[in-house]
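Heads up, the thing below is written out as structure tokens.
The values are calculated or read from the model by the stated rules, or taken from the named source; none is laboratory data. Please read all numbers here as calculations on a predicted model, not as lab measurements. Cβ sites come from the backbone with ideal geometry, for glycine too, and all protein chains shown count toward neighbours.
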Amino acid sequence: MNRIRVAIQKSGRLSERSLGLLQSCGLRFAHSKDKLYWYGRDFPVDLLLVRDDDIPRMLLDGVCELGIVGENIAQEVMLESNAGGDMTQLRKLSFGGCRLSLAVPEDSPVQSASDLDGCRIATSYPALTTALLVERGINAETVKFSGSVEIAPGLGIADAIADLVSTGTTLRANHLVELEVLFESTAALYGQMAKLTAEKKTVLDRLLARLDGVLLAAESKYVMLNAPRDSVEKITRLLPGAENPSLMNLEGAPERVALHAVCREAVFWEHLEALKAAGASAILVLPVEKMLA
Ligand code: ATP
Ligand code: ZN
């Protein structure tokens, strides 16, 4: 068996982006909608669709070699299992961003995180929250809640909560105020590397090279413009993350050249305005679909 299994969230905030990312790497799957196992068609990588909470355990138990899950959950399970087993963060991803924050009721006497000594904190991430509180010298008790953590203070079960926040709307709707961010999280690709055979390692390396290409392409832009021949150096310096542009002659305009470059950082309107001020014209910014370094 030289096939690799990747576990992703079946349905939730990470599902679509996780599947999309793997598809951008050229993976195609034979599947039926309700099945939890999708067979990789042209590449020996199969998918397991599961609850996100189960992914770290599946990696630690060797049920799958790869998994895409939030760092919040990965950290929680690793701390819970006393870092037993093997699970390596291979790539941090650009989606699933959120923060684990401390929050208290609007009318709470607690004004800052340091007032939480001796308090009870409701959270779905007790191991991670405890570790982060200890780091800050706060000695509080955590109470595990599997969902709807935000109702715990109202029920008199806890003085504060540590919960995932992205916009803060849920906190406000429950009359809670954010005290302090404990942990910033995104989705990440994790691997269970200990027992990989040489064949699986080869498949994994190929997949990671494609993934790096996709991640790099996502933030890169191909810029084309015309520039005065004597401003090429200045204009190249204004292009974010660009090196060694290609220069081409422009028929009938000997004093100007066409310049093409890959910019490996975001290109904003401010960059284009600066380029124009430096003499560039006919500036085009194009997305890059794939890239292999
Ligand atoms: P499952 O049924 O798979 O257990 P779930 O309800 O636990 O799903 P989701 O709400 O889909 O999970 O969240 C999955 C992950 O998305 C979280 O663990 C976290 O990493 C990330 N995330 C991003 N923004 C938020 C947010 N505002 N609230 C909760 N999770 C968020
Ligand atoms: Zn979950």
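For every residue, the table says whether it meets (1) in contact with a helix residue (DSSP H, G or I) (Cβ under 7 Å, 6 or more places away or on another chain); (2) within 11 Å of ligand 1 (Cβ to nearest atom).
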{"residue": "112", "(1), (2)": "no, no"}
{"residue": "123", "(1), (2)": "yes, no"}
{"residue": "157", "(1), (2)": "no, no"}
{"residue": "164", "(1), (2)": "yes, yes"}
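Out of all the residues in segment 43-51, is one or more closer than 26 Å to residue 132 by Cβ and modelled with pLDDT of 95 or more? Explain how you work it out, then say what you get.
Residues of segment 43-51 closer than 26 Å to residue 132 by Cβ: 51.
Adding the requirement that they be modelled with pLDDT of 95 or more leaves 51.
Checking segment 43-51: at least one residue is closer than 26 Å to residue 132 by Cβ and modelled with pLDDT of 95 or more.
Give segment 85-95 a look and list any residue that's assigned to a loop (DSSP other than H, G, I, E, B), more than 16 Å from residue 12 (Cβ to Cβ) and within 16 Å of ligand 1 (Cβ to nearest atom), or say none. Steps first, please.
First, the residues of segment 85-95 that are assigned to a loop (DSSP other than H, G, I, E, B): 85-87, 93-95.
So of that shortlist, the ones also more than 16 Å from residue 12 (Cβ to Cβ) come out as 85-87, 94.
If the condition is that a residue be assigned to a loop (DSSP other than H, G, I, E, B), more than 16 Å from residue 12 (Cβ to Cβ) and within 16 Å of ligand 1 (Cβ to nearest atom), then 87, 94 are the ones that fit.
Of all residues in segment 80-117, those satisfying the criterion of being modelled with pLDDT of 90 or more, surrounded by fewer than 19 Cβ atoms within 10 Å (Cβ to Cβ) and over 30 Å from residue 157 (Cα atoms) are 88, 89, 90, 91, 92, 94, 95. Scanning segment 241-269 for residues that are under 35 Å from the mean Cα position of the chain (by Cα) and surrounded by 14 or more Cβ atoms within 10 Å (Cβ to Cβ) gives 241, 242, 245, 259, 260, 261, 262, 263, 264, 267.
Collect the residues in segment 173-199 that are of a type outside the set (A, V, I, L, M, F, W, C) and more than 20 Å from residue 69 (Cβ to Cβ), keeping them in residue-number order. Result: 174, 175, 178, 180, 197, 199. The condition of being assigned by TED's automatic domain parsing to the domain that holds residue 283, of a type in the set (A, V, I, L, M, F, W, C) and touching a residue at least 40 places away in the same chain (Cβ under 8 Å) holds for only one of 207, 225, 196, 171, that being 225. Contact map, segment 6-18: residues that are at pLDDT 95 or above paired with residues that are within 10 Å of ligand 2 (Cβ to nearest atom) and part of a helix (DSSP H, G or I), Cβ distance under 8 Å, separation 6+ or inter-chain. Pairs shown: 7/54; 7/55; 8/55; 9/52; 9/55; 12/52; 14/52. Only a single item in (1) charged (D, E, K, R); (2) assigned to a helix (DSSP H, G or I); (3) within 14 Å of ligand 1 (Cβ to nearest atom) is not met by residue 206, and it is number (3). Selection over segment 167-178 of residues that are part of a loop (DSSP other than H, G, I, E, B) and either within 16 Å of ligand 2 (Cβ to nearest atom) or small (Gly, Ala, Ser) (or both) gives a count of 1.
When restricted to residues that are in contact with a helix residue (DSSP H, G or I) (Cβ under 6 Å, 6 or more places away or on another chain) and buried (at least 21 other Cβ atoms within 10 Å of the Cβ), segment 125-137 contains 2.
For residue 267, the requirement of being under 30 Å from residue 211 (Cβ atoms), assigned to a loop (DSSP other than H, G, I, E, B) and touching a strand residue (DSSP E or B) at 6+ places or on another chain (Cβ under 7 Å) is met.
Going by what's in this entry, would residue 182 be described as touching a strand residue (DSSP E or B) at 6+ places or on another chain (Cβ under 7 Å), outside any loop (DSSP other than H, G, I, E, B), at pLDDT 95 or above and closer than 30 Å to residue 166 by Cα? Here the answer is yes, as residue 182 does meet what is asked.
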